[in-house]
There are 4 protein chains.
Amino acid sequence: MQVWLEKRRPGQGKFVTQRQEPDAVTILSGVFEDARTDGQVTTGTPISMMIENIDQRSRDYSDIAQAFRPGHADYAYFAKYGVRDYRGGGRASARETAARVAAGAVARKILSGVTIRGAVVQIGPHAVNRDRFDWDQTHENPFWCPDPDTVPIWEAHLDSIRKAGSSTGAVVEVEALGVPAGWGAPIYGKLDAELAAALMSINAAKGVEIGAGFGSAALTGEENADEMRWGNDGPLFLSNHAGGILGGISSGQPVVARVAFKPTSSILTLRKTISEAGDEVDLRTKAAMIPALACAPCRWSRR
Amino acid sequence: MQVWLEKRRPGQGKFVTQRQEPDAVTILSGVFEDARTDGQVTTGTPISMMIENIDQRSRDYSDIAQAFRPGHADYAYFAKYGVRDYRGGGRASARETAARVAAGAVARKILSGVTIRGAVVQIGPHAVNRDRFDWDQTHENPFWCPDPDTVPIWEAHLDSIRKAGSSTGAVVEVEALGVPAGWGAPIYGKLDAELAAALMSINAAKGVEIGAGFGSAALTGEENADEMRWGNDGPLFLSNHAGGILGGISSGQPVVARVAFKPTSSILTLRKTISEAGDEVDLRTKAAMIPALACAPCRWSRR
Amino acid sequence: MQVWLEKRRPGQGKFVTQRQEPDAVTILSGVFEDARTDGQVTTGTPISMMIENIDQRSRDYSDIAQAFRPGHADYAYFAKYGVRDYRGGGRASARETAARVAAGAVARKILSGVTIRGAVVQIGPHAVNRDRFDWDQTHENPFWCPDPDTVPIWEAHLDSIRKAGSSTGAVVEVEALGVPAGWGAPIYGKLDAELAAALMSINAAKGVEIGAGFGSAALTGEENADEMRWGNDGPLFLSNHAGGILGGISSGQPVVARVAFKPTSSILTLRKTISEAGDEVDLRTKAAMIPALACAPCRWSRR
Amino acid sequence: MQVWLEKRRPGQGKFVTQRQEPDAVTILSGVFEDARTDGQVTTGTPISMMIENIDQRSRDYSDIAQAFRPGHADYAYFAKYGVRDYRGGGRASARETAARVAAGAVARKILSGVTIRGAVVQIGPHAVNRDRFDWDQTHENPFWCPDPDTVPIWEAHLDSIRKAGSSTGAVVEVEALGVPAGWGAPIYGKLDAELAAALMSINAAKGVEIGAGFGSAALTGEENADEMRWGNDGPLFLSNHAGGILGGISSGQPVVARVAFKPTSSILTLRKTISEAGDEVDLRTKAAMIPALACAPCRWSRR
């Protein structure tokens, strides 16, 4: 589990946010070990884990305590609850993804036989060339980029974004191999609907696609529908525009999803906003998290 | 309610499927009327509605009873359950959206003050020109198209699709005006996550966007984050890239979502597939539903 | 399914309510049959059933439309919703148990290997003698009474209740044989907690016991804790005070529960109550349902 | 919150278990305080609390690691999961009620206007005399006994139980005053069904009653149905056999429930049981928790 958390943790390179968050996870319940078990085993009861938030306690939040950071959830929380915990963004903080990484590490233990892998397929306006898509390349560069020719383009883009004190968005692709046919249920428990909710609930996500996604709108029925033949190991699809899901149920093909993340709204430029007191102010969100946010989710899905 | 069902019902023009489905809805419970009530009132208990499926009973399903229609959920259902109800697609039938229309009509009664409207913004590869986007135009043509100059382009496209016995996809945009700030909840009940699940669960949906959506990945933080000022009626956002949702909570701006639909897989061309018996066969799905599928959701969201 | 509904249906003897309710159930979805299936099979998707309420439409509800029947849910519904459907008691009608019988018939199909049986063990103040408890006797008398010597006592009691235009309560015992060890889950999904909720949700239920129930409060630890030995087929309990559930999880012993039902509040005596209009009135609930209510649940649980 | 936990904590008298459990609760999330708030306020997001389990770590569990304690959940857990955490009973430990006390303290803050109070109304075979029932007396003796004349009877009973190394059961009565009419919902969210589940889910609970409970089975309809008149503050019930709930919805009367607890199965007598290894053994559960278990729930409900 800690392996995945280390992958997620920001501050590991010049391209990502410099916040230091030692994400040490403690397992509170649900596992057990004695002389008869072969190491730690689950007890069948809920596994409870805790990651303490150390970084945020000592920071200075006086600016954002008064005004709503534009692009952040500050105003929406205040409008809903009448009070907000402005330290580190509260529950809307991107640090929340640390909990997903920890839970994902447990999920990987359960999903033996299923391989889940992720890649960043677009940063800013620069998408990878899918003809050069190579999963192995995602381990060879700091961007989890599957296309080596795109790496220098992203480097230049991020350098210019960093110098401008700005931020940039990204698209992440996740693929699950080895999912058997039959996961998901009609109408109320559709696999694609549940994936869409899960992915859209990641901080900063603004779009979700399955398979051909928005591109499928431009296709004809002949182009889109994946034909079938018999292979050596059973049914064989001749393409995968469906992204492995038909009628909300997995088809046995790889499940493919993409998520679009907006650029973090923590930038060094002064921005127009309003304060709780009713003033119009200009605010600079001090701790710029240049594209860490965009990269966090891919750590979640990295194998 | 019947008004909305009539709008959804296929077979109303040469461009949409010719199936006749008299979608008469019966309210089974949850409403009450006596001399003291001003017409029918809800009792506070669940409203149960029934739409009988008349059309499908008399049809000939012998072909698709044996083989899996490519692009449909036939194989996924069979892999999951070992049996499938092939009459009309079972629970994966696009007719399921009739239930959503009926439920939506009830929801509209509850959401007084909220205006929900929809438009088709792309058919096949042809997107509307957003500079000419005019909601009023959606009532002036059979495609719920907000851009009059796009109407003839879609007509030509659909004519050619129809002649080819093919089908085409579409993108629908839905907008909710008057949503107050504060809907949705952090982490587990995010408004955007729930909308994503709801929209992705519509038959044939393959992608969902909120606000700037996938486009936000290409923006900088300055471009994307919506600045704020005070307006006459309270906080005023200077743009709406967020699509009305921040941190999973509504901000008071219009909630904007888009859904991509794949082309229906019921086409007149022979397609490669396999049968339950283990054969490789070529199948033509008889009842082509040329772009009815793509249009159905917009009826759901029409005002 | 109809077999069980016939057992539940009132009006089958002089001792129970004379209302005629033809409980014909229609299966709306979830089952399928073609030449390849061996009769009707489930499709894996939800089974929806409908029982139409015919009896109540033509009755005269003018009295109870104005005043709250004491002991019934009339006032509570009105206080909650500000409106109530007084025809037949609305959702608080004992006819609601017909839906439980229909659903229970489906559940029995699923729970092959589990035998569920019920008995009435007390009517009014007259409990059966447990030394004479014989499950086979429950089929030999109209009261599902397991003790033949108690039958004439109940007959006399019910005759006097009927002549007085009054009603009486009852206790029903339900037993599930063949439940394997391991059903239920700790803390949030305890089997006894879920059974307690299910049984308490039956109309007129006021108490639920598992195993020794309230009697266990009077026992010592030695008397109460069920000792264990090895039997021919695995662990063997030497008694069953636990009623087959320990820590919220089934132990492999018979699961035993009892439910207490209050007497129906529909009686022929004038009772003090108030009206919606603010008056103090005396009301006689016309359609006395002498102990039908008490017997309905046992039909639900009859094998 | 700590006030209630102190009331729950065992080891406070000679009559209850001598285990020392310093139940210190830590609030992990959901509250916030700054210069503008008047002390700690809730943020609207989940309140997470943690009570560390210190006592159990150093104990010797070698006996019960091998054999199943009769009357405990050991065997049921093992049958379900194939592994069990025997330290302190795992999730089936009566210490779990500490979490309920902590959560209950939060619930009390929310339910302003509602007074919740509890009393022990029976220990072993000795029930209180309800004619002498006086809520104020529950604070005057170590048994939360509402009847002073019963106190010496319980003292003698518990002394004899303690000397015998045995244990005894109890019945607890809980009353909620000030519950407005209208809580609970028909069929699926009945207030009595939810209370029954909640109370039955407390460790060692074997029975739950609402209002007249099992006693209502012996009543006639005239005796049981609570008549109504108009009082100064609205509808007035002339009795409360219903325990404040009609049709699953609160009526505005006090909500009254009783729970029966079995005697703890941790006693000093050797008891027959079996071991994981397949042996028949006699086991003495070392740490006898004489009637602590029975008293724990009343602490939960004490005002």
Solvent-accessible area, 1.4 Å probe, carbon plus sulfur percent, for segment D:30-152: 48 percent
Values of log10 I(q)/I(0), in the order q = 0.13, 0.15, 0.23 Å⁻¹, for segment D:150-243 under a Debye, Cα-only, solvent-free model: -0.69, -0.85, -1.30
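Please compute the average number of Cβ atoms from other chains found within 10 Å of each residue's Cβ in peptide B:271-280.
On the way: counts 6, 6, 7, 8, 2, 1, 0, 2, 1, 4.
Mean partner-chain Cβ count within 10 Å for B:271-280: 4.
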Viscosity 1.567 mPa s, 4 °C: Kirkwood-radius Stokes-Einstein D of segment A:96-198 over Cα pairs, µm²/s: 81 µm²/s
Ascending list, in nanometres, of distances separating the D:R87 label from those of the other copies (7 Å, Cα toward Cβ): 3.0, 5.9, 6.3
Paramagnetic reach from A:I54 (point 7 Å along Cα→Cβ, amide N under 18 Å) across segment A:99-132: A:99, A:102
Summed side-chain charge close to D:G39 - residues other than D:G39 whose Cβ falls under 14 Å, Lys, Arg +1, Asp, Glu -1: -1
Above-threshold pairs, the threshold being 18 Å between Cα atoms, out of C:K206/D:K206; C:K206/D:K190; B:K206/B:K272; C:K190/D:K109; C:K190/D:K80; A:K80/B:K109: B:K206/B:K272; C:K190/D:K109; A:K80/B:K109
Cα→Cβ-extended label distance, 7 Å offset, between D:S239 and C:D233, nm: 4.7 nm
Teacher prompt: D:Y61 distances to equivalent labels in other copies, 7 Å Cα→Cβ, nm: 3.8, 5.4, 5.7
Innermost chain D residue relative to the axis carrying D onto A, by Cβ distance in angstrom: D:M50, 4
Over segment D:67-110: Rg over Rh, Cα atoms, Kirkwood Rh: 1.18
Computed accessible area, D:K272, all protein chains, 1.4 angstrom probe, square angstrom: 80 Å²
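What does the net charge come to around B:D134 if you take all other residues with beta carbon closer than 11 Å to its beta carbon, with K and R at +1 and D and E at -1?
Values: positive: B:R130, B:R132; negative: B:D131, B:D136, B:E140, B:D147, B:D149.
Charge balance in the 11 Å sphere: -3.
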Radius, Kirkwood style, for segment A:36-177 when every pair of distinct Cα atoms is counted (Å): 19.0 Å
Cα gyration tensor category, rounded, prolate or oblate, for segment D:148-190 with a/c compared to 1.5: oblate
Distances in nm from D:I187 to the matching label points in the other copies, shortest first (labels 7 Å along Cα to Cβ): 1.4, 3.2, 3.2
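The values are calculated or read from the model by the stated rules, or taken from the named source; none is laboratory data. Not measured: the values here are computed from a predicted model. Heads up, the Cβs are rebuilt from the backbone with ideal geometry, glycines too, and the neighbour counts pull from every protein chain shown. Calculation scope for accessible area: heavy atoms of the full protein, side chains included, ligands and nucleic acids excluded. Shrake-Rupley method; radii C 1.70, N 1.55, O 1.52, S 1.80 Å.
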